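Notes follow once the structure below has been shown.
Derivation of every value follows stated rules applied to the coordinates shown; laboratory data play no part. As the structure is a prediction and not an experimental result, all values here were calculated from the model. In this analysis, Cβ positions are derived from the backbone assuming ideal geometry, glycine residues included, and neighbour counts consider all displayed protein chains.
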């Protein structure tokens, strides 16, 4: 979405931090635990929907904390910001990310961006009513964050340690920053992301193990 289109959307649509989209609900206090493989190592990813909110580029956003462990060591620490518009679309307003070495020292903050700064713009992370063939840009910060998505199927089967579903939403995701790499994601209504796996250009996988609410 170009700057003029974003300004038009911001004027027309209202935003709020209460994210209720059926495919990507972000209920404060919810903790998602995933297990899989990253960089050839066993991984554990803990995503917590906090009760904190922050206003970014004029939009109230819910704060989501994400912690990635490789072989039991914290290796990535990320804070994400999401907002929902009045139509039910979930927007991604940026992330503050840090990669850590085995001693816990920050080695990189590559990928960090915030809508409204340095030309970065929010994108739609999950549409209100996804349909096969629908596509869009989830984030826009040239050279740092350029993820795109395309809806593949609305009723597909998926099986992970958390459970099974025959009515999952499947999407493809890619970025021009990593040509040749393609990921598929699976979402279950009322839950959110249950599986993410690289289908071309790598072997990463992240499967939902549990969902709890505090």
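How big is region 3-213 along each principal axis, measuring the range of its Cα positions in Å and listing the largest first?
46, 42, 37
Arrange the following residues from fewest to most other Cβ atoms within 10 Å of their Cβ: 99, 139. Mind dumping the intermediate values first?
Values: 99 16, 139 24.
Placing the least packed residue first, the sequence is 99, 139.
In what sequence, highest mean first, do 116-129, 144-157 appear when ranked by Cβ atoms within 10 angstrom? Present the calculation step by step, with values, prior to reporting the outcome.
Numbers: 116-129: 18.1, 144-157: 16.4.
Ranking the peptides 116-129, 144-157 by packing returns 116-129, 144-157.
Sort 81, 174 so that the residue with the fewest other Cβ atoms within 10 Å of its own Cβ comes first and the one with the most comes last.
Least crowded to most crowded, the residues run 174, 81.
With a 10 Å Cβ neighbour count serving as the proxy for reagent exposure, in which order, fewest first, do 52, 166 appear?
Least to most surrounded, the residues fall as 166, 52.
I need to check one value: relative contact order of the chain, counting alpha carbon pairs closer than 8 Å and at least 6 residues apart, in percent.
Contact order relative to length: 19 percent.
When you have a sec, figure out the Kirkwood radius of region 82-144 from all distinct Cα pair distances and drop it here in Å to one decimal?
Mean inverse Cα-Cα distance, inverted, gives 13.3 Å.
At 222 nm, what helix-only mean residue ellipticity would the chain give, in deg cm²/dmol to the nearest 500, using -39500 (n - 2.57) for each DSSP H run of four or more?
Mean residue ellipticity, 222 nm, calculated: -1500 deg cm²/dmol.
Taking 1 over the mean of 1/r across every pair of different Cα atoms in region 47-162, what Kirkwood radius in Å do you get?
15.7 Å
Return a whole-number percent for the relative contact order of region 91-201, with Cα pairs under 8 Å and 6 or more residues apart as the contact set.
Relative contact order of region 91-201: 16 percent.
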